[in-house]
1. Which angle from 0 to 90°, rounded to the nearest 10, does the C-alpha axis of helix 4-96 make with the longest principal axis of the chain?
2. Per residue Cα convex hull volume for region 32-122, in cubic angstrom?
3. Tell me the mean residue ellipticity at 222 nm calculated for the chain from its helices only (DSSP H runs of n ≥ 4, each -39500 (n - 2.57), averaged over every residue, nearest 500).
4. For region 4-96, with only Lys/Arg (+1) and Asp/Glu (-1) charged at the beta-carbon, what is the dipole magnitude about the Cα centre, in debye rounded to 20?
5. For helix 108-121, report the angle its Cα long axis makes with the longest principal axis of the Cα atoms of the chain; keep it between 0 and 90° and round to the nearest 10°.
6. Roughly what percent of Cα-Cα pairs across region 59-98 reach past 14 Å?
7. Please build a GNM for the chain, connecting alpha carbons under 10 Å apart, and tell me which residue among VAL111, VAL36, VAL90 fluctuates the most.
8. Farthest toward the dipole's positive end in the chain, which of SER6, PRO120, PRO107, given Cβ charges of +1 (Lys, Arg) and -1 (Asp, Glu) about the Cα centre?
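Every read-out reported here was derived from the displayed coordinates using simple, explicitly stated rules and does not represent laboratory data. Since the model is a prediction, treat every value here as computed from it, not as a measurement. Neighbour counts are summed over all protein chains in view; Cβ atoms, including those assigned to glycine, are modelled from backbone coordinates with ideal geometry.
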Amino acid sequence: MVPVTSRFKLTLLLVLMLVAIIAALGITVTVQHVSVTQLIHTNEQVLSEKKSAEAIARNFIKTTLLMNDLARATQHDNQRQREESEHRVVVIRRLVKSNDCAAQLVPPDAVEQLRAHRNPAR
């Protein structure tokens with residue numbers, strides 16, 4: 001048999017080891033809790049930034065689509081105006097073909113005045 005003193009020491013040693021293990025587990029749980037709390041906070045920040053980035057991307061896409069629509073409409077309008085202008089030129093040339101006045105040269109001063117008037121009208 002083991003003497004009482006040795007048994008007491010062994011029991012005391014086991015109890016101290018058990019207390020040390022429980023303390024170590026308590027510290028580990030506390031550290032893990034702090035770590036989880038930080039991860040939750042970081043996750044919330046990342047989700048907030050993600051939502052903000054998605055909103056910015058949606059606005060950019062909408063703006064781009066709007067600009068494309070405007071460019072397309074402007075291009076279509078310009079094309080229509082060119083076609084109308086070409087048609088007018090053909091009609092005017094046909095109407096003045098037999099007119100002697102239309103065959104005369106336009107004075108250079110008049111040409112410059114017409115060009116000066118045309119530029120602001122654009």
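1. Helix 4-96 sits roughly 0 degrees off the main axis of the chain.
2. Normalising the Cα hull of region 32-122 by residue number yields 120 Å³.
3. -33000 deg cm²/dmol
4. Dipole of region 4-96, to the nearest 20 debye: 100 debye.
5. Tilt relative to the chain: about 30 degrees.
6. On the way: 495 of 780 pairs.
Summing the P(r) of region 59-98 above 14 Å gives 63 percent of all pairs.
7. VAL111
8. Looking along the dipole axis, the top candidate is SER6.
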